[in-house]
1. Take segment 31-45 and flag every residue that is among the polar types (S, T, N, Q) and either open to solvent by 70 Å² or more (accessible area, probe 1.4 Å) or in a helix (DSSP H, G or I) (or both).
2. Return the residue satisfying two criteria in turn: it lies in segment 93-125 and is in contact with a strand residue (DSSP E or B) (Cβ under 7 Å, 6 or more places away or on another chain) and closer than 23 Å to Asp221 by Cα, and of such residues it is surrounded by the fewest Cβ atoms within 10 Å (Cβ to Cβ).
3. Just to check your reading of the model, which residue among Arg129, Arg118 is touching a Pro at 6+ places or on another chain (Cβ under 7 Å), closer than 20 Å to Glu170 by Cβ and in contact (Cβ under 8 Å) with a residue 12 or more places away in the chain?
4. Sort out which residues of segment 21-30 are open to solvent by less than 70 Å² (accessible area, probe 1.4 Å) and either outside any loop (DSSP other than H, G, I, E, B) or closer than 13 Å to Arg90 by Cβ (or both), and write them in order of number.
5. So which of Thr162, Thr174 ends up being over 14 Å from Gly104 (Cβ atoms) and among the polar types (S, T, N, Q)?
6. I'm checking my understanding of the structure. Among residues of segment 46-92 that are polar (S, T, N, Q) and over 16 Å from Ser11 (Cα atoms), which one is least open to solvent (accessible area, probe 1.4 Å)?
Amino acid sequence: MIELLLPADVSSAATRAETVPDGTLFPEEEALVAKSVAKRRNDFATARACARRAMAGLGLPPVPVLSGRRGRPLWPEGIVGTLTHCAGYRAAALARATDVLSLGIDAEPHGPLPTGVRELVTLPAERERIGPPAREGTGEIHWDRILFSAKESVFKAWYPVTGVELDFVEADLTFHRPDAPGSGEGSPGPVAAEGAFAARLLLTDPALPTTLHGRWRVEDDIVVTAVLVRPDWREREGM
């Protein structure tokens with residue numbers, strides 16, 4: 001479902017599989033997770049299998065996706081991309097740098113945040129806007145989880161543009177909520193909701209963008225979010 005949040009010039013791929021066949025990884029990738037626990041290896045391998053499918057969508061040959069600082073994926077020259085994985089969903093999104101400056105996607109289980117996490121990752125104004133936590137098992141939308149995922153997408157898109165790491169309280173998110181849950185037009189299966197969000201970045205450097213925009217979707221107990229930054233973001237910000 002990540003492809004439903006991204007424009008046509010972004011190639012994406014996703015899977016619900018928790019594992020991939022042996023031999024999926026390149027030797028250089030295998031070396032990065034050789035001593036990792038099984039869950040870490042599976043997350044790493046399934047996300048890179050998605051990356052290879054997304055490469056094919058851009059007409060690119062399959063190549064290793066190694067890791068940079070803090071695990072950031074390293075893409076071929078001229079390509080920007082992003083990965084995500086959670087229980088039951090893995091995805092990759094890639095684009096040519098001539099079309100897209102930066103991408104961020106995230107996937108999370110659609111459920112309440114663990115106790116105490118809500119206060120750590122949200123601002124008071126955000127908590128007021130999204131309201132109290134939804135009750136699990138009631139079919140309500142877990143706005144705190146969507147907000148968490150959206151901030152993850154913002155951070156993934158932000159760092160490649162600026163080289164600056166954001167904290168959770170350095171972005172103030174506002175959601176464009178749907179009027180009511182329902183099925184997305186043309187979507188393959190039931191959808192709880194989908195919409196857009198804006199992230200106001202609480203930084204003082206005038207050389208940096210002040211707002212990033214993204215989209216979110218809930219489907220089959222998974223939250224996905226996406227943020228895209230175009231090469232002309234400076235002009236769009238009036239800089």
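The values are calculated or read from the model by the stated rules, or taken from the named source; none is laboratory data. Bear in mind that the values here come from a model prediction, so they are computed numbers and not experimental data. Cβ: placed from backbone, ideal geometry, glycine included. Neighbour counts: every protein chain shown. We work out accessible area using only protein heavy atoms, side chains counted, and drop any ligands, DNA or RNA first. Shrake-Rupley method; radii C 1.70, N 1.55, O 1.52, S 1.80 Å.
1. Step one: filter segment 31-45 for residues among the polar types (S, T, N, Q), giving 36, 42.
Asn42 - this is the single residue of segment 31-45 that is among the polar types (S, T, N, Q) and either open to solvent by 70 Å² or more (accessible area, probe 1.4 Å) or in a helix (DSSP H, G or I) (or both).
2. Here the residue is Pro109.
3. Arg118
4. Thr24, Glu29, Glu30
5. The conditions single out Thr174.
6. My answer is Thr46.
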